[in-house]
1. When the chain is fully extended, how far beyond the present Cα-Cα distance does residue 28 get from residue 208, taking 0.36 nm per residue of separation?
2. Sorting check: for 4-11, 235-242, which peptide has the highest mean count of neighbouring beta carbons within 10 Å, and how do the rest follow?
3. What does the accessible area per residue of the chain come to in Å², with a 1.4 Å probe and no ligands, DNA or RNA counted?
4. Calculate, in whole percent, how much of the Cα-Cα pair population of region 1-83 lies beyond 20 Å.
5. Based on the Cβ-Cβ distance of residue 112 and residue 309, what FRET efficiency does E = 1/(1 + (r/R0)^6) give at R0 = 35 Å, to the nearest 0.05?
6. State the percent of C-alpha pairs, over all pairs in region 203-246, separated by a distance greater than 14 angstrom.
7. Hey, can you grab everything whose amide H is under 5 Å from the amide H of residue 137? Only 5+ residues off in sequence or another chain; H modelled, so Pro and N-termini drop out.
8. If R₀ is 30 angstrom, what is the calculated FRET efficiency for the pair residue 233 and residue 343, using the beta carbon separation as r and rounding to 0.05?
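The values are calculated or read from the model by the stated rules, or taken from the named source; none is laboratory data. The structure displayed is predicted, hence computed values, not measured ones. When we count neighbours, we look across all protein chains shown, and the Cβ atoms used for this are built from the backbone with ideal geometry, even at glycine. To get the accessible areas, we keep the full protein, side chains included, count just its heavy atoms, and leave off ligands, DNA and RNA. Shrake-Rupley method; radii C 1.70, N 1.55, O 1.52, S 1.80 Å.
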Amino acid sequence: MFTLHPLRTLRDRNEFLRVPRSIYPRDSPWIQPLDMVMKSFLDRRNPFFEDGIGQGFLLRRQGEPVGRIMAHVWKRHRRLHGERVGYFGFFECINDSRGAELLLETAADFARQQACDVLRGPFNMTGAQEAGIVVEGFEHPPAIDMVYTADWYPSLLEMNGFRRCLQMETRANATIGSLDPDRIRSSPADSTIGSALRLRCLQPFDRNHEMEAVREVVNASFLGNWGFVPITRKEWELQTGALLPLLDRSLVILATIQNVIVGVTLAVPDFNRVFAKTGGRLVHPASMALLRPSRLKSVVVILCAVRKQYQGLGIARLLNTELLRNMRRRGYQRLATTWIGGENSASLASTDAFGMHRMHTVAMYERALA
């Protein structure tokens, strides 16, 4: 009934990209990502393959693609964290336990061949890409950079012996107009730092250099967190390059002390409001809205990072308050945020201050390999 095929040809890769279209009905909240972005992830020129190995697989039923998975091993993670972990990503499957078993066992076999003793996922190759599946909040459409998956995926994973190993939330406030930035704003705990701290937006004519500085702050901020591996320049450029020209620079807030960037809030207009209409194509009449980002009315915080030696001083709150102020000036009305760890009480409390409520609960799963 089912057959499983490794990705070998261009046709295989194109079918791999089309699998979700057979999973999600037209009225599903799922939004198709840009084909050009997905193709860049699968391309062997993806910098992941400089220090990682992976293989994609297609599940077919009577010749039609009905599932997919990417099995991979990230060698830098193994060296940094000392874990012999294999990953699976880009997981999509019809609601069929046998089909899911074939996909997941194939990924497990791949991991065993690489001397791994744990299989974890979904995790799309590096920490700069999507991770997890939705376990609550299926009624809410995803904003840009949010994962969205079918409601039967948790049971498919659990039936195959997987258990949750990480839980995250996405949050949103649909009406920021009632928020007063001055009431939310708090002064840094250290008055010396407060007098030296400056907030500014992304420089308009030096975006590449500025975004490289953002990457450095992200790495310095998150190093030591569960599963985090520093993002290389090539990985960062792959993830951000396509939309860099479309950034609204007023939504990228940098905190500096003596001209050194110590913190950043990186937010973008919710381009999914456009991509929901384009069917995976960038060249589409609806894409003209990308040139007028403030008309999209919605903003998504991709990350907020502060160098470790400056954490706990209120800098993140100052950054996000400045973001709110800029949003109101530009006419944005809705704010959402991605990827907050379920145990990150400080970040959750910060979103509470901004009147944000949970949209999705997202989880990663793992299974020991015998």
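1. Stretched out fully, the residue 28 to residue 208 stretch lengthens by 61.2 nm.
2. Ranking, from highest mean packing down: 235-242, 4-11.
3. Values: 16900 Å² over 370 residues.
On a per-residue basis, 46 Å².
4. Counting every Cα pair in region 1-83, those more than 20 Å apart make up 43 percent.
5. Here the calculated transfer efficiency is 0.25.
6. Every Cα pair in region 203-246 considered, those over 14 Å come to 51 percent.
7. Answer set, sorted by chain and number: 361.
8. 0.50
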